[in-house]
Amino acid sequence: MSFSTTDTIVAVATPPGRGGIGIVRVSGPDAHGIARGLITRAGPLHPRHATFTKVRLKPSFDGAQGGPESLEGPDTSEDSIDQVVVTLFPAPHSYTGEDTVELSAHGSPVILRAIVMATIARGARLAEPGEFTLRAFLNGRMDLMQAEAVNDLIEAATPLQARAAFDQLDGTLTRAIGGIDATLFDLIARLEASVDFPDEGYHFVDPSALAIALDGLIERTSALLNDAQRGRLIREGLRIAIVGEPNVGKSSLFNALAGTARAIVTDVPGTTRDLVSEIVDIEGLRVTLVDTAGLRETADPVEIEGVSRARQAIAAADLVLQVEDRSRPRAPQSVNNSRVLYVSNKSDLPRVWDDPAAVPVSATTGAGVDDLRRRIACALDVDPLRDRPAMTNVRHIVLVERAQQALARARAAALTEGGALSEEFVLADLTDARSALEEITGRRTPEDLLEHIFSRFCIGK
Ligand SMILES: Nc1nc2c(ncn2[C@@H]2O[C@H](COP(=O)(O)OP(=O)(O)O)[C@@H](O)[C@H]2O)c(=O)[nH]1
Ligand SMILES: [Mg+2]
């Protein structure tokens, strides 16, 4: 990965395949010059104006930079490949913070590839994955959290994921972390003054006031961490296993939640023998729903393997839906997972038992299935209506935890007797806390971390 920003990069920014429009993005110091050589229209491009012109593949002899400034250059219809709309975004008011040109052509892979090749022939280089966003970060257009949010936003599979990513891109976490960091910076400055001028006999920071300030900071990190579990589930999605005895209607419920007849439903017990899974959107959550074989003692070797896989699915699930048939006597339960939601199925039939803790549904009529979706979101403590920004990214969570631990150490040191000595300890811990926060925003970031983050992007982003 290149951390240089002196060369000009190019890539197709729209997805592979055919579409009405395809966009080639060029960014770097030569972007404007290269674009001018590429289009038939002479003269410089106006900033942020959409210019309708043609793209030619062979370099023109007048180079567009020198020749007469007619509205159209020489007639080049033979080597023109497409009509395009070109827009110049001059530095620093562009996505990358550099001169950027976007060429919107017709969305044919052949045309887009030809434009990219022509751009390379004029001195640009093919961008690496995530390199446009990396440059936006390196040029100070966004911090690391926001750059990571760009990828999350592109990858979002549910509206809730998209909203969490956009919140982060919009700077909600940047502001939350920045607020903590600013208070820390102030404390550090005052402590340093105390340490640097010990002979004055003057303490810039009163130990009990310091402890109160640290309590406030610890509370703010706790608030961030409390919402993080919810955020992580939103970003990464989660697994829900549907389990229960044979024939209670697990596969029917799976199909009802997935909205397709994906799993085989029969009245023969032991029909489902392997795990069947489908990605579904439940209240905005990206859920991998897993249908399993009915849990029972059996001699059939295939079913034995199915039951063993069902147990593995239970162990790996974030939530287990324990399905029971309430038209038949209730069997004792044996699921080993702390997060279980009981579902009493076949509510359309006369009921034999009732349990207010179980969600009544009918997988065949669909009654109660919407209510079940809401109960799932509640059981996971992921209330889509709540309007608090949440940390979603494990990298951020780990670093906030590290900052919080350093703050707790600082607080302990602040309250021990010992004057200047303990001030130095407090200072060291506060500096640790601060460096953890700076790693989140990317103000202090090793290159291999950047490589790790940006290599997950696609080319053109
Ligand atoms: N009346 C009624 N029958 C159901 C319901 N859900 C499933 N069944 C029937 O119960 C039988 C077993 O269903 P299936 O989904 O294969 O159960 P599984 O073995 O737990 O996967 C089938 O004949 C289904 O049609 C329901 O809500 N109401
Ligand atoms: Mg089944």
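Brief remarks on what is shown
- Within the stretch 248-265, considering residues that are within 10 Å of ligand 1 (Cβ to nearest atom) and assigned to a loop (DSSP other than H, G, I, E, B), the one surrounded by the fewest Cβ atoms within 10 Å (Cβ to Cβ): ILE264
- Scan of the stretch 423-461 for residues that are open to solvent by 30 Å² or more (accessible area, probe 1.4 Å), in contact (Cβ under 8 Å) with a residue 40 or more places away in the chain and closer than 19 Å to LEU225 by Cβ, ordered by number: ARG434, GLU439
- Just one of the numbered conditions (1) out of contact with any helix residue (DSSP H, G or I) (no Cβ under 8 Å at 6 or more places or on another chain); (2) crowded, with 17+ Cβ neighbours inside 10 Å is not true of ALA189: (2).
Quick grid of which residues meet (1) modelled with pLDDT of 90 or more; (2) open to solvent by less than 80 Å² (accessible area, probe 1.4 Å):
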position	(1), (2)
LEU341	yes, yes
SER347	yes, yes
PRO350	yes, no
LEU372	yes, yes
ASP381	no, no
ASP387	no, no
HIS396	yes, yes
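- One residue from ALA357, ALA420 being at pLDDT below 85, farther than 30 Å from VAL116 by Cβ and loosely packed, with under 15 Cβ neighbours inside 10 Å: ALA420
- All positions within the stretch 232-247 that are open to solvent by 10 Å² or more (accessible area, probe 1.4 Å), more than 9 Å from ligand 2 (Cβ to nearest atom) and either modelled with pLDDT of 95 or more or not in a helix (DSSP H, G or I) (or both): GLY237, ARG239, GLU245
- Residue list for the stretch 290-307, filter: within 27 Å of ARG373 (Cα to Cα), more than 11 Å from ligand 1 (Cβ to nearest atom) and open to solvent by 10 Å² or more (accessible area, probe 1.4 Å): VAL307
- Positions within the stretch 275-294 being within 11 Å of ligand 2 (Cβ to nearest atom) and either touching a residue at least 60 places away in the same chain (Cβ under 8 Å) or out of contact with any helix residue (DSSP H, G or I) (no Cβ under 6 Å at 6 or more places or on another chain) (or both), in sequence order: VAL276, GLY294
- LEU153 modelled with pLDDT under 95, open to solvent by 20 Å² or more (accessible area, probe 1.4 Å) and in contact with a Ser or Thr (Cβ under 8 Å, 6 or more places away or on another chain): no
- Restricting VAL323, VAL287, VAL268, VAL276 to those that are within 27 Å of the chain's Cα centre (by Cα) and within 11 Å of ligand 1 (Cβ to nearest atom) reduces the list to VAL276.
- Unique residue being of a type outside the set (A, V, I, L, M), touching an Asp or Glu at 6+ places or on another chain (Cβ under 6 Å) and under 21 Å from ILE397 (Cα atoms) when the list is ARG286, ARG239, ARG262: ARG239
The values are calculated or read from the model by the stated rules, or taken from the named source; none is laboratory data. Not measured: the values here are computed from a predicted model. So basically every Cβ, Gly included, is an ideal-geometry build from the backbone, and we count neighbours across all protein chains shown. Each accessible area value is taken on the protein alone, full model and side chains, heavy atoms only, with ligands, DNA and RNA left out. Shrake-Rupley method; radii C 1.70, N 1.55, O 1.52, S 1.80 Å.
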